Amino acid sequence: MKKYRVLIAKPGLDGHDRGAKVIAKFLQESGFEVVYTGLHQTPEQIVTSALQEAVDAVGISVLSGSHNYVFTEVVELMKAKGIGEIPVFGGGTIPEDDIPPLMEKGVKALFRPGTPLDEILAKIKEIIG
Amino acid sequence: MDYAQEALNGSVLAGARLIRLLEEGDPAGIEGLKKIYPHAGQAFMIGITGPPGAGKSTLVDRIITEFRGRGKKVGVIAIDPSSPFSGGAILGDRVRMQRHATDEGVFVRSMATRGHLGGLSRATFQAALVLDAMGYDIVLVETVGVGQDEVEIVDLAHTTAVVSLPGMGDDIQAMKAGILEIGDIFIVNKADRVGSDDVVRQLQVMLEMRDYSATNWTPPVLKTIASKSEGIIELVDAFLEHRDHLVSTGILDTRVEERELHFFKELVKEMAYEKINTAAGGAKKYAMLTEALKKRETDPYSAAETLMEHLKVDM
Ligand SMILES: Nc1nc2c(ncn2[C@@H]2O[C@H](COP(=O)(O)OP(=O)(O)OP(=O)(O)O)[C@@H](O)[C@H]2O)c(=O)[nH]1
Ligand SMILES: [Mg+2]
């Protein structure tokens, strides 16, 4: 059976990657291969990493309030690089109102704090298809 | 998309997808590999091995910078272990190399061992061939953090660097059994810590006891502080010096030939086994002979001959 490969990245200037690490660990324990890129990732770094690593999905954890910029930029860059079909998901402190516009732009799933991990797992599997 | 052709034309996307196919054991991957094979064989393959946390990824990051400064394109394959329980993995080597993520002359691919023993993953060699054929001048392979038995890297790399660090104490003694044998270059990283000179001395003493007449190469022991980029120029010089040595002595050609032969033999074994399972009555005959062996009605030599006869394969 093909393994799921997922990229987990943490953009922004803040140094908190607890959320990203929790999800990375959880996905590993669920049998995923998780390519972890660490902190302070720019959209360009995230997208070229996704390209080189041939992942099935890209997960982004945001805390810094830059979510609108980061998700929009990543989705656009992925299209430009020919990997627009790879689903993008994310989590962190994203205001409810910002979610629908981001989904419209092509983000496939956004998890707000407190989403049960099982729900996250099921959704990620669903968007990878 | 013809991944092999596109990869040869310089498409990172196609190269990455071809590596993925190979990693998944997809037959389409092997078709691609055949196509790129004539274009491989140019890259200088360097292995970086050593215990967990020794600073391998940090070293690779700085080695990339140095080779880039010298105008070389660099491909990297970084291996991390799969969990034996979930089969999953966190591939974190890349974290240390992200400054190169947007450099078009650098391609980093993380890989999980997926249960493969030996310090590499099953598809590492194939992935290295793809990067080679894509025109990366240097292919750096970081093994999993190893103990002493994971020495498969020597089958792949032209030059193998073994990383150790201060404070290993008796571990250095333990190392000599396995990975000490495979180093062309020894790195004592974290030389900013106390005890690095002790490790250098211990290594030198152990290396002095070895016989280098076969290769005419005495491995240097180099100190580095990867986190401060210290000792990296000397390290890269040593890589190139070893490479020159391999070329001028003809050892490189011999190693490459041996390696091709090794893979050929392995493939023949694999395919012969496959043939047994697919030939008419092959699997049944195989099962019968296995049973007969268990009951001691035959011996392994006769059983193998009988099977070959059945398959009409000349032994
Ligand atoms: N003091 C000091 N720390 C270093 C040096 N080089 C690397 N480190 C630190 O050592 C830690 C481990 O470094 P890595 O490069 O991830 O080590 P690794 O060998 O790749 O680890 P694994 O892949 O997990 O086996 C990191 O916190 C580095 O910053 C050094 O020269 N001196
Ligand atoms: Mg590492």
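The values are calculated or read from the model by the stated rules, or taken from the named source; none is laboratory data. This one's a predicted model, so the numbers in the text were calculated from it and none came from an experiment. Virtual Cβ from ideal backbone geometry, glycine too; neighbours counted across all protein chains shown. SASA here: full protein model, heavy atoms, side chains in, ligands and nucleic acids out. Shrake-Rupley method; radii C 1.70, N 1.55, O 1.52, S 1.80 Å.
Taking the Cα centre of the protein assembly as shown as reference, the dipole from Cβ charges on Lys and Arg (+1) and Asp and Glu (-1) amounts to some 580 debye. Per residue of the protein assembly as shown, the DSSP helices (runs of n ≥ 4 H) give a summed -39500 (n - 2.57) that works out to -14000 deg cm²/dmol at 222 nm. Rolling a 1.4 Å probe over the protein heavy atoms leaves residue B:152 with an accessible area of roughly 60 Å². Among the DSSP helices (H) of chain B, those spanning at least 30 angstrom by Cα along their long axis with an average Kyte-Doolittle hydropathy of -1.0 or more are B:251-278; this is a geometric and hydropathy rule only. Within the full protein context, the accessible area of residue B:137 is estimated at about 60 Å² for a probe radius of 1.4 Å. Taking Cα centre as origin and charging only the Cβ of basic (Lys, Arg, +1) and acidic (Asp, Glu, -1) residues, the dipole magnitude of region B:264-314 rounds to 160 debye. Percent relative contact order of chain B, based on C-alpha pairs within less than 8 angstrom and at least six residues apart? Reported as a whole number, the value is 17 percent. Working note: Karplus 6.51/-1.76/1.60 with θ = phi - 60° gives region A:50-56 the couplings 4, 5, 5, 8, 6, 7, 8 Hz, where Gly and Pro are set to x. Exposure check, 1.4 Å probe, all protein chains in place: residue B:209 carries approximately 140 Å² of accessible surface. Across region A:5-128, the mean sequence separation of Cα contacts (distance under 8 Å, 6 or more residues apart), normalised by length, yields a relative contact order of 25 percent.
When its C-alpha radius of gyration is set against 2.2 N^0.38 Å (N residues), chain B gives a value of 1.12. With N counted as the residues of region B:80-219, its alpha-carbon radius of gyration over 2.2 N^0.38 Å works out to 1.16. Exceedance of the 28 Å cut-off in Cα-Cα distance is limited, within the set A:108/B:56; A:125/B:72; A:10/A:125; B:35/B:275; A:125/B:73; B:35/B:285, to A:108/B:56; A:125/B:72; A:125/B:73; B:35/B:285.
Here residue B:240 and residue A:64 are evaluated by their C-beta separation; at R0 = 35 Å the FRET efficiency comes out at 0.20. Which one of B:216, B:67, B:202 is farthest out on the positive end of the charge dipole of region B:40-249, using unit charges on Cβ (Lys, Arg +1; Asp, Glu -1) and the Cα centre as origin? Checked the options; the winner is B:67. Taking the charge dipole of region B:1-93 about its Cα centre, with +1 at Lys and Arg Cβ atoms and -1 at Asp and Glu Cβ atoms, the residue from B:41, B:16, B:30 reaching farthest to the positive side is B:41.
Compare A:64, A:30, A:49 in a GNM of chain A, Cα atoms joined below 10 Å, and give the one with the largest fluctuation. Judging by the Gaussian network model, the answer is A:30. Based on the reciprocal of the average 1/r between different C-alpha atoms, the Kirkwood radius for region A:5-72 equals 11.9 Å. First select every other residue whose beta carbon is under 12 angstrom from the beta carbon of residue B:219; then total the charges, Lys and Arg +1, Asp and Glu -1. Taking every other residue near residue B:219 into account, the sum is -3. Accessible surface comparison of B:201, A:18, A:112, probe 1.4 Å, protein chains only, largest first: the order is A:18, B:201, A:112. Build a GNM of chain A with springs between Cα atoms under 10 Å apart, and of A:80, A:50, A:109 the one that fluctuates most is A:80.
Between the alpha-carbon centers of region A:103-123 and region B:258-315, tell me the distance in whole angstrom. That distance is 51 Å. Between residue B:263 and residue B:247, full extension at 0.36 nm per residue minus the direct alpha carbon distance yields a gain of 3.6 nm.
Each Lys and Arg contributes +1 and each Asp and Glu -1, all at the Cβ; summed about the Cα centre of chain B, the dipole is approximately 640 debye.
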